[in-house]
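The values are calculated or read from the model by the stated rules, or taken from the named source; none is laboratory data. Small disclaimer: the values here were computed from a predicted structure and weren't measured. All Cβ positions, glycine included, derive from the backbone under ideal geometry; neighbour counts span all protein chains shown.
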Amino acid sequence: MKPIYLILISLLITSCGIKRNTFIALLPNNPMFTEKGDVTFNSAASPTHIEFQGSCAITNHLDITVGRFYGGSPRKSDEIGINAYSRVYKSLYFSTGFGWGKTAINNKHESAFISNENINVRVNYNTLFVQPSLYLVLQDEDMDAATRVGISFKYGINTLNDYYYYTFENEWHSSRLSEETIITADRQRFFSVSPLLSVERSIGNFTVGIHTGLALTSSFKARYQYHTPNSSWNNRDYFIQEDLYYMPFVFSGFIGIRL
């Protein structure tokens, strides 16, 4: 069978903006291969970022995967992994992937309209992940068509190298000025899980499909500081979780070409 080159054009629906996000959840890379020589490449785009993924089956049971997320100034994440796959029953396949990733976020936001607002978010962390997948490949030789349905669970262990959040706001008068800072010790760990359902249908050289899933994280401990002109700094320890959500829900519809 000749290599397969799959180009995907996607629209991602996300639920959070880019100002405060401190976690980037790359979509699980589940190529759903069946034999040596299969190759896929896909890209997904939204108003805030673009994401690329590629995979290559180097044997009948092993493939390599790469991924890159880029959201400008800079918000980027890179991953590389290796994936073992095998037929378990007729058209049913199982795969398990292992990989490593690195994420860097340095968001800066300034606004002078109505309020003088300044937000600075700096985050760096490494990720080790495992990704088991189960998928079904139904071939229709008469129509030169195939249907692929897969479920994958991406479990990540993320280690913070750096975390800093700062916001300054002055709404009209200095009496409304406020400052907020969140800092944490380096080398803390937090966990993430991304379940994903993939459905693809190809006829000849054309492919359509959807990806839908979640991106969930655990929390980590941080020091929260808040200050207004009429008060001293208020310090307290708390657990960050809500600020880690970048894509708690994702839906990706795509069309593709197989050459």
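Some notes on this structure:
- Residues satisfying the stated conditions in the stretch 130-157, i.e. in contact (Cβ under 8 Å) with a residue 60 or more places away in the chain and in contact with a Ser or Thr (Cβ under 8 Å, 6 or more places away or on another chain): GLN131, SER133, TYR135, VAL137, ARG148, GLY150, SER152, PHE153, LYS154
- Residue in the stretch 195-219 that is surrounded by the most Cβ atoms within 10 Å (Cβ to Cβ), counting only those that are under 26 Å from TYR163 (Cα atoms) and polar (S, T, N, Q): THR217
- Of residues in the stretch 78-97 being small (Gly, Ala, Ser) and loosely packed, with under 15 Cβ neighbours inside 10 Å, the one farthest from ILE24 (Cα to Cα): SER86
- Flag if THR103 is of a type outside the set (Gly, Ala, Ser), modelled with pLDDT of 85 or more and touching a Phe, Trp or Tyr at 6+ places or on another chain (Cβ under 6 Å): yes
- Of all residues making up the stretch 138-163, the number that are assigned to a strand (DSSP E or B), modelled with pLDDT under 90 and of a type outside the set (Ser, Thr, Tyr): 7
- Count of the stretch 79-107 residues, restricted to those that are out of contact with any Ser or Thr (no Cβ under 8 Å at 6 or more places or on another chain), in a strand (DSSP E or B) and not hydrophobic (A, V, I, L, M, F, W, C), is 1.
- In the stretch 177-232, the residues that are modelled with pLDDT of 80 or more and among the charged types (D, E, K, R): ARG189, GLU200, ARG201
- Single match in LEU62, LEU11 (criterion: surrounded by fewer than 21 Cβ atoms within 10 Å (Cβ to Cβ), more than 19 Å from the chain's Cα centre (by Cα) and either at pLDDT 85 or above or of a type outside the set (Asp, Glu) (or both)): LEU62
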